[in-house]
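Note sheet for the following structure.
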Amino acid sequence: MAAPRIPFTVIGGFLGAGKTTLLNRLLQNASPRRLAVLVNDFGSINLDAAAIAAVHGDTIALTNGCVCCSIGDDLSRALIRVIEAHPPFDGIIIEASGVSDPWRIAQLGMAAPELRLDAVVVVADAAALRAQAADPLLADGLRQQLRRADWVLLNKAELLDAQALEDLQSWVSQLSEGRPCVAASYGAVPQDLLTGTAWPPFERPAQTDGAGFLASQFETWSHRPGGSFPLAAWHAWLAQVPAGLLRLKGWVQTSDGGWYELQVAGLRSSWQPLHSAPAPSSTLVAIGLRGRLPRPWLVQMPGGPGH
């Protein structure tokens, strides 16, 4: 039986957007999941000495089971080292350099049969984004990054008032051709949005460790569809994913008796066949911005309460 593929996430964005802050949060709060985080520069990662279990050249092992690996000059070699680790990691996070195209990095990871792309997340500085987009030296690269994202994280949102933030989110949605856009302070978003490896208990609201109005900006919806349905019915339902959905994940049983793991990040969905039933019945959990989660669409899923 083939081992399940390891989900990986690519985090991109210009220098100063807050990628490192996001990575620090992931490393500090990953438990009980074991994550491998591949970075360009160890020096920028703020690791507490008490959290470091061992240092081996270009790899730092943490006491919570996570590792932080330097990409160096060869991302492929760094990925191979992580893929071959035993026991296998629950997920891999790759930090793209500030000027790189995160989608190209995602394609490199997708070439490995042991890996499954979970999401491409682009972090943007809410206070500096408009000025960056107006700079002729930065504008093309910034637009390309945003259009490659599954969803955009507007970091440093505390620097804007509520109206300015709402206007910026609308502007980014147009600039990124409709990519979902999430505002946050200090990279405080539910880890479920970033890795797809965390499964919140059924019917539990999503929580963040952020502050103020940002701490309660997310909501979840969950359902156990009754019965089993053809895979084509699920594909038809996912043909038009509403913009208000940030992430959907779950296990689905099809009418031929098969089981699949479903992951939706932003506007992209993926299916992974499972060799055994992971749960007594199909189970799906959706995450979105509070007040914008597309519940009318969700209930129309095969076996949903709208059917």
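Note down all Cβ pairs under 7 Å where the first residue falls in region 239-252 and is not assigned by TED's automatic domain parsing to the domain that holds Ala119, the second is acidic (Asp, Glu) and assigned to a strand (DSSP E or B), and they're at least six residues apart or on different chains.
Every condition considered, the pairs that remain are Trp251/Glu261.
Name the residue, out of Leu168, Leu193, that is surrounded by fewer than 22 Cβ atoms within 10 Å (Cβ to Cβ), at pLDDT 50 or above and in contact with a Leu (Cβ under 8 Å, 6 or more places away or on another chain).
Leu168
Could you pull out every one of the strands (runs of 3 or more DSSP E) wholly within region 1-74 that has 1 or more residues that are farther than 29 Å from Gln263 by Cβ?
Fully inside region 1-74 and qualifying: 52-56.
Can you name the condition, by its number, that Val123 falls short on among (1) more than 19 Å from Leu35 (Cα to Cα); (2) over 15 Å from the mean Cα position of the chain (by Cα)?
(2)
What's the number of the only condition in (1) modelled with pLDDT of 65 or more; (2) more than 30 Å from Pro280 (Cβ to Cβ); (3) part of a loop (DSSP other than H, G, I, E, B) that Gly226 fails to meet?
Checking Gly226 against (1) modelled with pLDDT of 65 or more; (2) more than 30 Å from Pro280 (Cβ to Cβ); (3) part of a loop (DSSP other than H, G, I, E, B), the one that fails is (2).
Filter region 254-271 down to the residues that are farther than 26 Å from Glu219 by Cβ and not charged (D, E, K, R), then identify the one that is surrounded by the fewest Cβ atoms within 10 Å (Cβ to Cβ).
Looking at the filtered set, the residue picked out is Gly257.
Give the residues of region 48-100 that are more than 29 Å from Gln144 (Cβ to Cβ), within 19 Å of the chain's Cα centre (by Cα) and hydrophobic (A, V, I, L, M, F, W, C), sorted by residue number.
Once the filter is applied, which keeps residues that are more than 29 Å from Gln144 (Cβ to Cβ), within 19 Å of the chain's Cα centre (by Cα) and hydrophobic (A, V, I, L, M, F, W, C), region 48-100 yields Cys66, Val67, Phe89.
Looking at (1) over 18 Å from the mean Cα position of the chain (by Cα); (2) closer than 23 Å to Glu219 by Cα, can you tell me which one Leu293 breaks?
All conditions are met except number (1).
Quick check, is Arg148 in the same structural domain as Ala30 (by TED's automatic domain parsing), within 26 Å of Gln263 (Cα to Cα) and surrounded by fewer than 18 Cβ atoms within 10 Å (Cβ to Cβ)?
No; evaluated as a whole, the condition is false for this residue.
For region 284-307, give me the residue count where each residue is of a type outside the set (D, E, K, R) and surrounded by fewer than 19 Cβ atoms within 10 Å (Cβ to Cβ).
Final tally of qualifying residues: 11.
Does region 278-299 hold any residues that are part of a loop (DSSP other than H, G, I, E, B) and in contact with a helix residue (DSSP H, G or I) (Cβ under 7 Å, 6 or more places away or on another chain), and which are they?
Residues of region 278-299 part of a loop (DSSP other than H, G, I, E, B): 278-282, 290-294, 299.
Answer for region 278-299, where residues must be part of a loop (DSSP other than H, G, I, E, B) and in contact with a helix residue (DSSP H, G or I) (Cβ under 7 Å, 6 or more places away or on another chain): just Arg290.
Name the residue, out of Ala124, Ala131, Ala112, that is crowded, with 20+ Cβ neighbours inside 10 Å and modelled with pLDDT of 90 or more.
Ala124
Against the definition (of a type outside the set (Gly, Ala, Ser) and closer than 30 Å to Trp171 by Cα), how does Leu108 come out, yes or no?
Considered against the rule, which asks whether it is of a type outside the set (Gly, Ala, Ser) and closer than 30 Å to Trp171 by Cα, Leu108 comes out as no.
The values are calculated or read from the model by the stated rules, or taken from the named source; none is laboratory data. Note that this is a predicted model, so its numbers are computed, not measured. Note: ideal-geometry Cβ built from the backbone for every residue, glycine included; neighbour counts use all protein chains shown.
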